[in-house]
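Novice: The following block contains the structure, expressed as structure tokens.
A short reminder: the numbers here are calculations on the coordinates, not readings from a lab. Here the structure is a predicted model, which means the values were calculated and not measured. Here the Cβ positions follow ideal geometry from the backbone for every residue, glycine too, while neighbour counts run over all protein chains shown.
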């Protein structure tokens, strides 16, 4: 039979079902508070009742700009429980950036946490949509005007009885890409893609346990934290430690206090946690750790394992793939320097990076563009059919990443296609140079990028964050790398910086470095 059928599926069931089965189990640890699954679902049902009273229902679009506090899951699951589409917004966005998302997504409502109202409130006004707040004190005003408080409206509302029925392929989320290659695009995710991602992860990728305690410092507005920590953790019935803003010493203190068993982070988090470990001998009982968002230098992986006694399992994915596409499975020996094998139900292959309009697959161990197909793909880019058609060709999603796949299906990421540097006609892959720099004891983090050069076409530059207590000499670092790789690859300039510009997933924004040092 044709048509969508009568099956239903909702991401909201992740919280609702766990609350039904394990109502007294801890769901969230936040500051001095522990919230059980039963209480969290009841609070969510009240929030959903308040949103329903405002006309939010199936197909509505609810934007939210909320840090990793209990109100994030309350709002997230409340909107999804009504059949609405959630649009989590980057916490560091300024007014015009928030306005762009609201208008591009045609949002019906913005829910903002009080600390973010300075940018969010004018954005909602400019986009001409209603604004609701959480965490705003009673009686607080904004420009002498009363502020609508979701907590207050939830107290007066009738809580929903159960979550709405939606088609498995119905839109659930609109997640905006970080815009590293231009204007951000809204990747539309379905209920099916997210839930299948969660179930695949729990069956044979992450292997969470109901008694696990997960570190929840990855931003939930981004697909990594949202799917791998929040949704997967709640589906298993684990507890999540919330940390609104990453601070390595605070993170380690929370891991110790709550006896955390799983850590998930991006490379910058790992660098911070290694430094924090040098300041205290105490360690949490970690079973394993998960890395994603950007390539993790092997030196960081090894240093974390030495410091915490927990293996780091690295994976790979994108916003458009919900996000995990491949992983070094927890049940198998890790392969440092790789992102493992495709997860169940997902195909990963290598295609000719220069061929447009079709996919020409290449043999094993050949360098080319990584392409992906499977249950995890987005529905498309919101309102951008041309961009969707360019990204999904012959059923394969073109990632823009260069890599290889061997005969066993193990994937190695070489670099972003757009990050590759061409110096005197030779290809220089920044990740290779970064891996060498990261092994220098004075280097905590490294980013290698190309800048225009009249003679060589592009010149190789590096920006490094020093290891704690180190005072690296750029000339010495250049000599160190020069001795270890081919002459055309080593950086001719090294810039010592306090921090590197980061995108929402922890990826280093090399275009910002190119702007700063490109002359």
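Novice: Sort 453, 90 so the one with the fewest other Cβ atoms within 10 Å of its own Cβ comes first.
Specialist: 453, 90
Novice: Here is a further query. Can you figure out the FRET efficiency of residue 484 with residue 199, using R₀ = 45 Å and their beta-carbon distance, to the nearest 0.05?
Specialist: Result of the calculation: an efficiency of 0.55.
Novice: Express in nm, to one decimal, how much length is gained between residue 492 and residue 347 on full extension, taking 0.36 nm for each residue of separation and deducting their alpha carbon distance.
Specialist: 48.3 nm
Novice: Give, to the nearest whole percent, the P(r) tail of the stretch 251-313 beyond 19 angstrom, counting all Cα pairs.
Specialist: 18
Novice: What does the convex hull of the alpha-carbon atoms of the stretch 12-176 project to on average, in nm²?
Specialist: Mean orientational projected area (the stretch 12-176, Cα hull): 9.6 nm².
Novice: For the chain, what is Rg from Cα atoms divided by 2.2 N^0.38 Å, rounded to two decimals?
Specialist: 0.97
Novice: If you don't mind, another one. Evaluate the relative contact order of the chain (contact order divided by residue number), counting alpha-carbon pairs under 8 angstrom at least 6 apart; express in whole percent.
Specialist: 11
Novice: Considering the zone a paramagnetic label at residue 468 would reach in this model (a point 7 Å from Cα along the Cα-to-Cβ line), which residues of the stretch 436-455 have amide N under 15 Å from it?
Specialist: 442-445, by backbone N distance to the label point.
Novice: Same structure again: By count of other Cβ within 10 Å, fewest leading, how are 165, 444, 291 ordered?
Specialist: With the sparsest Cβ surroundings first, the list reads 165, 444, 291.
Novice: Taking the Cα centroid of the stretch 278-321 and of the stretch 434-468, what is the distance between the two, rounded to the nearest whole Å?
Specialist: 22
Novice: Here's a follow-up. Can you give me the distance in nm between label points at residue 426 and residue 516, each placed 7 Å from the Cα along the Cα-to-Cβ direction?
Specialist: Rounded to a tenth, the inter-label distance reads 2.7 nm.
Novice: May I pose another question? Starting from the Cα-Cα distance between residue 162 and residue 42, subtract it from 0.36 nm times their residue separation and give me the gain in nm to one decimal.
Specialist: Length gained, residue 162 through residue 42: 42.1 nm.
Novice: In degrees, nearest 10, range 0 to 90: what is the angle between the Cα axis of helix 191-204 and the longest Cα principal axis of the chain?
Specialist: Once rounded, the angle reads 60 degrees.
Novice: Now for a different question. Using only the Cα atoms of the stretch 32-81, build the gyration tensor, take square roots of its eigenvalues as a ≥ b ≥ c, and label the shape rounded, prolate or oblate: rounded if a/c is under 1.5, else prolate if a/b is larger than b/c, else oblate.
Specialist: oblate
Novice: Figure the gain on full extension for residue 155 and residue 8 (residue separation times 0.36 nm, minus the Cα-Cα span) and round it to one decimal in nm.
Specialist: 50.0 nm
Novice: Can you grab the distance from the C-alpha centre of the stretch 224-245 to the C-alpha centre of the stretch 93-132, Å, no decimals?
Specialist: 25
Novice: Highest first, please rank the peptides 247-260, 345-358 by the mean number of other Cβ atoms sitting within 10 Å of their residues.
Specialist: The peptides rank, most packed first, as 247-260, 345-358.
Novice: In degrees between 0 and 90, to the nearest 10, how far off the longest principal axis of the chain does helix 267-277 point, with axes built from Cα atoms?
Specialist: 90
Novice: Apply the a/c threshold of 1.5 to the C-alpha gyration tensor of the stretch 421-517 and tell me whether it is rounded, prolate or oblate.
Specialist: Verdict is oblate for the stretch 421-517.
Novice: Calculate the spin-label point distance for residue 32 paired with residue 476, positioning each point 7 Å from the Cα along the beta-carbon direction, and give it in nanometres.
Specialist: The answer from the label model is 4.7 nm.
Novice: For the chain, what proportion of DSSP beta bridges, expressed in % and rounded to the nearest 5, is antiparallel?
Specialist: Restricted to the chain, the bridges split so that about 60 percent are antiparallel.
Novice: Moving on to the next point. What percent of all Cα-Cα pairs in the stretch 246-416 falls into each 5 Å bin, going from 0 up to the bin containing the maximum distance?
Specialist: Calculated over all Cα pairs of the stretch 246-416, the distribution is 1, 8, 17, 18, 16, 13, 10, 8, 5, 2, 1, 0 percent.
Novice: Let me ask something additional. Report, in degrees rounded to the nearest 10, the 0 to 90 angle that the Cα long axis of helix 117-127 makes with the longest principal axis of the chain.
Specialist: 80
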